[in-house]
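Report on one structure; see the data block that follows.
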Amino acid sequence: MKKLLVAGLLMCFSTLASAQLDLNKAAAGFDVKKLTQSIMTTLTSKVGLSTAQVSAVTPLISQFLTKKSSIMPLANTQPAEYKSKFEAEQKTLFDKLKGSISADQFTKFLNLKPKQASSTDAISQLFF
């Protein structure tokens with residue numbers, strides 16, 4: 001009986017934890033994994049990333065988006081702090097990208113920057 005009760009409680013906690021993760025993802029406004037995949041598809045084709053570069057760049061993009069999602073609530077409540085933190089994270093990403101791709105590829109990457117933020121253009125998440 002104890003084992004059944006413990007198993008039931010574990011299932012409840014697991015469900016609650018999963019629901020919390022989904023709420024956090026929704027609050028952040030995007031799914032890091034899906035967005036990373038979309039960005040990497042674009043970078044691979046338009047910047048010409050090799051297989052080795054894809055392996056090096058993918059975690060960089062994912063880490064940046066994860067950090068961005070954690071600071072996004074500041075955009076509405078403390079825009080100056082959000083901008084400061086975003087720019088610091090973006091600089092870190094760009095510096096790491098420079099070490100993972102060629103100068104020509106980095107220039108191609110920068111040329112992908114849209115004129116303004118867009119919810120339909122995944123690449124814009126790296127610039128805005």
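Read the figures in this text as sums done on the coordinates, not as results from a lab. Since we're looking at a predicted model, the values are computed, not measured. Here Cβ is always computed from backbone atoms with ideal geometry, including for glycine, and neighbour counts include all displayed protein chains.
Below is a table of values for the structure above.
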| item | result |
| --- | --- |
| Distant-in-sequence amide H partners of Asp31 (H built 1.01 Å from N, under 5 Å) | none |
| Integer Hz, Karplus 6.51/-1.76/1.60 couplings in order for region 46-57, x for Gly and Pro | 8, 9, x, 6, 7, 4, 5, 5, 4, 5, 7, 7 |
| Residues Val54, Val47 arranged by fewest to most Cβ contacts within 10 Å | Val54, Val47 |
| Equivalent-ellipsoid semi-axes of region 27-128, from the Cα gyration tensor, Å, largest first | 23, 14, 13 |
| Exposure proxy order (Cβ contacts within 10 Å, fewest to most) of Asp104, Asp31 | Asp104, Asp31 |
| Cβ-Cβ FRET estimate between Gln116 and Val54, R0 fixed at 30 Å, reported to 0.05 | 0.60 |
| Sequence-separation-based contact order of region 31-126, relative, with Cα cut under 8 Å and 6+ spacing, percent | 33 percent |
| Phi-based couplings in Hz for region 91-101 (Karplus 6.51, -1.76, 1.60; Gly and Pro marked x) | 4, 4, 4, 4, 4, 5, 4, 4, x, 10, 10 |
| Net +/- balance of residues flanking Thr107 in space, Cβ distance below 14 Å, scoring K and R +1, D and E -1 | +3 |
| Centre separation in Å (Cα based) which lies between region 57-82 and region 93-128 | 15 Å |
